[in-house]
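Heads up: the structure comes next, in structure tokens.
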Amino acid sequence: MATTKHGSDAASRTTREVIDDHISCRQCGDLEADIRRNYAEDVVMLTSHGPDKGHDAVRRFGAILRKHVPGDYEIVAEETDGRFGFIAWRAREPGKSVEDGADSFVVENGRIVFQSIHYSLQIVMPD
């Protein structure tokens, strides 16, 4: 039985707890811990790059995100309702930013089973 860092059954975590842990792992740059603790093996990912499935999909989309999105980002809003979750985020650094990042989640048994990701990368060209 998988347990969280506090020793409780991972499957009993709330959607908010899973998403908070997901955010924490990503802000620390620990994609593998995020995958191990928070994603179902058969997670479905939907993005503008198309659909994909599984932990390798999380890694692929994570690599795309790291390539496009500035390193530091902030969570603007976080909402949950039962097994559904949503975060709005933004990221800014000199020359590029994301102002409209949005991820939606479905969490079952303490794991993300579905995630959609949307953002628009804005490039600022120097004068």
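No lab work stands behind these numbers, since they all come straight from the coordinates. Please read these numbers as outputs of a predicted model, since none were measured by experiment. No Cβ is skipped: glycine too gets one built from the backbone with ideal geometry, and neighbour counts run over all protein chains shown.
Numerical summary
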read-out	value
Label point distance in nm, residue 63-residue 96, each placed 7 Å from Cα along Cα→Cβ	1.6 nm
log₁₀ of I(q)/I(0) at q = 0.09, 0.20 Å⁻¹ - region 1-122, Debye sum with one point per alpha carbon	-0.23, -1.15
Distance between modelled label sites at residue 76 and residue 16, nm, 7 Å Cα→Cβ extension	2.2 nm
Electrostatic dipole magnitude of the chain [Cβ: Lys, Arg +1; Asp, Glu -1; Cα centre; debye, to 20]	280 debye
Leading residue at positive end of dipole, the chain (Cβ point charges), from 87, 62, 115	62
Inter-label distance for residue 121 and residue 55, nm, one decimal - labels placed 7 Å from Cα along Cα-to-Cβ	2.7 nm
